[in-house]
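These notes concern the structure reproduced below.
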Amino acid sequence: MPTTWNQIVGHEWAVQLLAGAIQHNRVGQSYLITGPEQVGKTTLARLFAQALTCAEQYSVSSKQSPGSRLQPPCGQCRACALIAADRHPDVRLVKPEVSGRGKLTLKIEHIRELLQDLNLKAYEARYKIAILTRFDAATTGAANAFLKTLEEPPANVILLLTALDADALLPTISSRCRTIALRPLSPHLIEQSLTSRWRVPESEAHLLAHLADGRLGWAVRAAAHTAVLEARETRLDWLRQAVDGDRVARFALADKLSRKPEELPAILQTWLSWWRDLTLLTQGAARNGAGQNGTAVTNIDRQVELTNLARVWTAAQTLTSLKQTNLALWQLERNANGRLVLENLFLTYPRTTRER
Ligand SMILES: [Zn+2]
C-alpha cells in the first residue's frame, strides 16, 4: 500500500490540519501529537515528515496548475521510501529505550546526539525533521536539554513530539508545541478498516476491534501476529486459575508469574480489561442496553463466562478487584517485588467457589 495521507484512519481532521499547514505555508516548528498507545501518533508524524519532504510536492506543483496537483506524500519517491523505513538522512526518529519491565526511558544522551545532528545543514531535503516518540518517557535531564532547542529551533528544523498525554510533559515543553490530540477510534471504525484495508476475516475483525481499546495499530498488529491473541488467552486462563483456586493455588501462581517480570504489566493490563467488563456487567450496564450488541464489553468472546460470573459476584467485589489490579500495576511500575504484588492482589480477588 502506498504511504499517503489516506493511510490514516479516523484522524482525518488532523490530516487536514497538517496538510493545510503545508499547502498554506503555515507549518509550525514544533508539534506535539498525543493519544493512547498505537492509536497512530508516530504514523501521523512520519506521514507529515513525508509530506514535508516528498519530492513530488516540489516537482509537480511547479509544473502543473494547483487544481491538478498531486496530494503529497506520494509514498513512492525516494524520500517517501526512506522515511517509511526510518532511513532518511534528514528525518531522525528518536525513541526511548525499553528496560527490563517494559519501562521506557528517553535519556539525555539521545537528546544530545540529536541536537548535534539538528545543528548541521540538511543533506538533501528542505527541512531537517526530528520525530521524538513518547516524549513523556524523557528524563527531566533529557527534557531540559531539549528545552532550549524547542524554544528557538534552528531555521528549517521541525520537531514532532509524541506522548500519551500532554499533561505528562513539563508545561514548558507542551506549551511550546502545537498540540494535536488523537482520540481512540470506535470499535466499528476499527472493524471496518480491518476487513476492508487489511482483509481480516469478519469474526476476527469483530473480536479485535473490541479488544483494541480504540487503537487501530494494536488491532492490525494482532491480526498479523497470532501470538498476540494467544498470549491474551493464556493470560485470561491464568486469571481464571486465580479466581478458581484456593490460597495455595494462588500463591503458586503468583510465584510462577513473578518469573516473567517483563510480561507482568501486560498480564495485569489484560486482567484489568476483564475486571472492567465484569464491573460493567455487575453494575447493570448490560441490562441497560449498552451491552446488548456487545459494545460495552471488551472481551466479547468471553461474554458467556463474564455474564455467569456477574451473577456470582457483587458489583462491590468486582470493583474492588478492578481497583486492586490497577494498584498492582501502579506498584509494578514503581519496581515493587512482582511476587509480593501478585500475592497481595490475589488476597483481594473473590473466589468463584465458596471456601470449604
Ligand atoms: Zn514522495
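Over all alpha-carbon pairs in the chain, figure out the percentage whose distance exceeds 30 Å.
Counting every Cα pair in the chain, those more than 30 Å apart make up 47 percent.
Share of antiparallel DSSP beta bridges in the chain, in percent to the nearest 5?
Expressed as a percentage, antiparallel bridges in the chain total about 10.
Within the stretch 140-160, what residues put their amide N at less than 12 Å from the label point 7 Å along the Cα-to-Cβ vector of Arg112?
142, 145
Starting with the fewest neighbours, write out Cys54, Cys177, Cys77 ranked by other beta-carbon atoms found within 10 Å of each beta-carbon.
Cys77, Cys177, Cys54
State the antiparallel share, in %, of DSSP beta bridges confined to the stretch 5-181, rounding to the nearest 5.
Expressed as a percentage, antiparallel bridges in the stretch 5-181 total about 10.
Measuring from label point to label point, each 7 Å out along Cα→Cβ, what is the Asp86 to Ser186 span in nm?
Modelled inter-label distance: 3.3 nm.
Can you list residues whose amide H is under 5 Å from Arg215's amide H, if they're 5+ apart or on another chain and H is modeled 1.01 Å from N?
Leu185
Could you work out how far apart the two model spin labels at His24 and Asp165 are, taking each label as a point 7 Å from the Cα in the direction of the beta carbon, and quote it in nm?
3.2
Enter the Cα centre distance for the pair the stretch 221-284 and the stretch 141-158, rounded to the nearest angstrom.
Cα centres, the stretch 221-284 to the stretch 141-158: 42 Å.
Rg(Cα) of the stretch 225-348 divided by 2.2 N^0.38 Å?
For the stretch 225-348, the normalised Cα radius of gyration comes out at 1.05.
Could you tell me which of Leu150, Leu169, Ile129 has its Cα farthest along the dipole of the chain towards the positive end, charges placed at Cβ (Lys, Arg +1; Asp, Glu -1), taken about the Cα centre?
Value: Leu150.
For the pair Asn6 and Glu37, how long in nm is the line joining their label points, each one 7 Å along Cα→Cβ?
Distance between label points: 3.2 nm.
Would you list Phe346, Phe251, Phe135 from fewest to most Cβ contacts within 10 Å?
Fewest-to-most Cβ neighbours within 10 Å comes out as Phe251, Phe346, Phe135.
Around Val91, which amide H atoms from residues at least 5 apart in sequence, or from another chain, sit under 5 Å from its own amide H, with H modelled in the peptide plane?
Ile129
Can you list the residues, at least 5 places off or on another chain, whose amide H is less than 5 Å from the amide H of Ile180, using H built in the peptide plane?
Leu32, Ile33, Thr34
Only sites in a loop by DSSP and with at most 14 other Cβ atoms within 10 Å count here; which trypsin sites (Lys or Arg not before Pro) in the stretch 320-351 make the cut?
Passing both the DSSP loop test and the Cβ count: Arg334.
Report the number of Lys pairs in the chain whose alpha-carbons are under 18 Å apart, with separation of 8 or more residues or on distinct chains.
Lysine pairs, 8 or more places apart or on different chains, close enough: 7.
Which value in deg cm²/dmol, rounded to the nearest 500, describes the helix-derived mean residue ellipticity at 222 nm for the chain, given -39,500 (n - 2.57) per DSSP H run of n ≥ 4 and division by the residue count?
Dividing the helical sum by the residues of the chain leaves -16000 deg cm²/dmol.
Rule-based calculations on the coordinates, nothing more; no lab input. All of these numbers come straight from a predicted model, not from anything done at the bench. Using ideal geometry, Cβ is built from the backbone for each residue, glycine included, and neighbour counts are taken over all protein chains shown.
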